[in-house]
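Here's the structure we're looking at; comments come further down.
The values are calculated or read from the model by the stated rules, or taken from the named source; none is laboratory data. Everything quoted here is computed from the prediction, not taken from an experiment. FYI the Cβ positions are ideal-geometry reconstructions off the backbone, even for glycines, and counts take in every protein chain you see.
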Amino acid sequence: MADQAHSFYLSSSDGIRLYARVYGDLTSSKLPIVCLPGLTRNADDFDTMAQALVAHDPTRKIVALDYRGRGRSQHARDAAHYSVAVEAVDVRQVLAALGINRAIFIGTSRGGLITMLLAVTVPELIAAAVLNDIGPVLETKGLQRIASYVGKGAMPKSMDDALQRIKETNPDFTDLDEREWQQLTRMSFRETETGSVALTYDSALSRGFLALDFSKPQPTLWPLFDALKAVPVMVIRGENSDLLSEATVKEMVSRHPHCSSFTAENEAHAPLLGRKRSAEAIERLVEAVGSGE
């Protein structure tokens with residue numbers, strides 16, 4: 001983890017302890033970058049990318065969040081509060097506490113859904129957005145795959161076993177090296193003080209899938225995406241993604257006047273943003289948006 005990263009703990013309106021990690025220049029007047037992870041993920045997902053962006057521009061501030069029930073944040077008292085709507089409110093409260101009233105958002109999967117919701121509820125908060133392998137149409141195949149493993153199955157007996165499980169359940173990442181596989185493993189599993197293995201998220205997140213009817217197409221979210229039309233958007237798609245289709249990306253680019261796309265070759269859902277090709281694509285968008293000073 002970067003030496004310039006600072007940890008903050010803040011409280012939600014219902015008293016849940018939330019974690020945020022801030023990289024770079026805490027006093028910077030440039031547009032900050034806000035990183036929102038996927039369903040079961042946390043701020044660690046963005047560590048490599050944030051370090052690369054800070055190395056490119058040390059004068060910018062980057063914030064990565066742990067939602068309630070993930071990473072270093074406290075678990076929700078009620079599993080019903082693991083929702084995009086509640087988590088969007090948490091994000092707003094954390095950013096307000098950090099003095100951020102406008103930013104460039106990078107949202108992976110669920111983080112992209114939260115970003116789109118924020119574009120509806122507080123459009124002034126968003127200066128630009130990167131949607132990492134997420135869009136207004138969620139493919140049933142991808143949702144079923146995610147539902148099949150979130151909070152389910154016996155815990156691996158060791159981190160080596162966890163690594164093997166991650167490799168077996170992510171066959172569509174076809175060019176990761178061993179370090180990247182280990183990184184992907186640590187996004188879902190952690191070693192406890194006693195040497196056992198635990199999830200990095202609350203297994204109760206699985207309850208969010210109970211109401212989904214996979215026999216029918218899921219409702220589309222085009223009105224949420226359209227709320228981003230006033231700002232630059234880049235959508236990143238894993239070449240082998242089963243959640244975001246090529247057709248949806250084409251439609252997003254077609255109907256948004258300032259939307260570009262980038263394909264993360266040999267990757268699935270969701271691309272690792274710390275890889276050089278993705279980090280450089282994000283750098284280009286940040287530079288194009290401007291300093292925001």
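Results, tabulated for the structure shown:
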quantity: Number of the condition not met by Ala279 [criteria: (1) part of a helix (DSSP H, G or I); (2) over 19 Å from the mean Cα position of the chain (by Cα); (3) closer than 27 Å to Ala119 by Cα]; calculated: (2)
quantity: Selection from region 79-134 of residues that are of a type in the set (D, E, K, R), surrounded by 21 or more Cβ atoms within 10 Å (Cβ to Cβ) and closer than 16 Å to Ile16 by Cβ; calculated: Glu87, Asp90
quantity: Single unsatisfied condition, Lys250 versus (1) of a type outside the set (A, V, I, L, M); (2) surrounded by fewer than 20 Cβ atoms within 10 Å (Cβ to Cβ); (3) more than 29 Å from Leu176 (Cβ to Cβ); calculated: (3)
quantity: Residue ID - nearest to Asp45 (Cα to Cα), chosen from residues in region 121-141 that are charged (D, E, K, R) and in contact (Cβ under 8 Å) with a residue 24 or more places away in the chain; calculated: Asp133
quantity: Matching residues, region 222-246, being more than 15 Å from Val130 (Cα to Cα) and either buried (at least 17 other Cβ atoms within 10 Å of the Cβ) or in contact (Cβ under 8 Å) with a residue 24 or more places away in the chain (or both); calculated: Trp222, Pro223, Glu239, Asn240, Ser241, Asp242, Leu243, Ser245
quantity: Only listed residue being touching a helix residue (DSSP H, G or I) at 6+ places or on another chain (Cβ under 6 Å), over 26 Å from Leu210 (Cβ atoms) and at pLDDT 95 or above, chosen from Ala119, Ala129, Ala162; calculated: Ala129
quantity: Strands (runs of 3 or more DSSP E) lying entirely in region 1-120 (those with 1 or more residues that are farther than 20 Å from Met234 by Cβ and in contact (Cβ under 8 Å) with a residue 40 or more places away in the chain); calculated: 6-11, 17-24, 61-66
quantity: Residue list for region 254-273, filter: within 15 Å of Leu131 (Cα to Cα) and in a loop (DSSP other than H, G, I, E, B); calculated: His256, His258, Ala268, His269, Ala270, Pro271, Leu272, Leu273
quantity: Residue within region 16-26 that is out of contact with any Leu (no Cβ under 8 Å at 6 or more places or on another chain), modelled with pLDDT of 95 or more and closer than 16 Å to Asn132 by Cβ present; calculated: no
quantity: Residue within region 202-216 that is surrounded by 15 or more Cβ atoms within 10 Å (Cβ to Cβ), touching a His at 6+ places or on another chain (Cβ under 9 Å) and either touching a residue at least 12 places away in the same chain (Cβ under 8 Å) or under 21 Å from Val120 (Cα atoms) (or both) present; calculated: yes
quantity: Odd one out for Gly15 among (1) loosely packed, with under 14 Cβ neighbours inside 10 Å; (2) within 14 Å of Gly111 (Cβ to Cβ); (3) not basic (Lys, Arg); calculated: (2)
quantity: Scope region 18-57; condition under 13 Å from His6 (Cβ atoms) and among the aromatic types (Phe, Trp, Tyr); matching residues; calculated: Tyr19, Tyr23
quantity: Residue in region 263-274 that is farthest from the chain's Cα centre (by Cα), counting only those that are of a type outside the set (Gly, Ala, Ser) and surrounded by 20 or more Cβ atoms within 10 Å (Cβ to Cβ); calculated: Glu267
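Residue-wise test of (1) buried (at least 16 other Cβ atoms within 10 Å of the Cβ); (2) touching a residue at least 40 places away in the same chain (Cβ under 8 Å); (3) in contact with a Pro (Cβ under 7 Å, 6 or more places away or on another chain).
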{"site": "Arg145", "(1), (2), (3)": "yes, yes, no"}
{"site": "Met155", "(1), (2), (3)": "no, yes, no"}
{"site": "Asp161", "(1), (2), (3)": "no, no, no"}
{"site": "Asn170", "(1), (2), (3)": "yes, yes, no"}
{"site": "Glu191", "(1), (2), (3)": "no, no, no"}
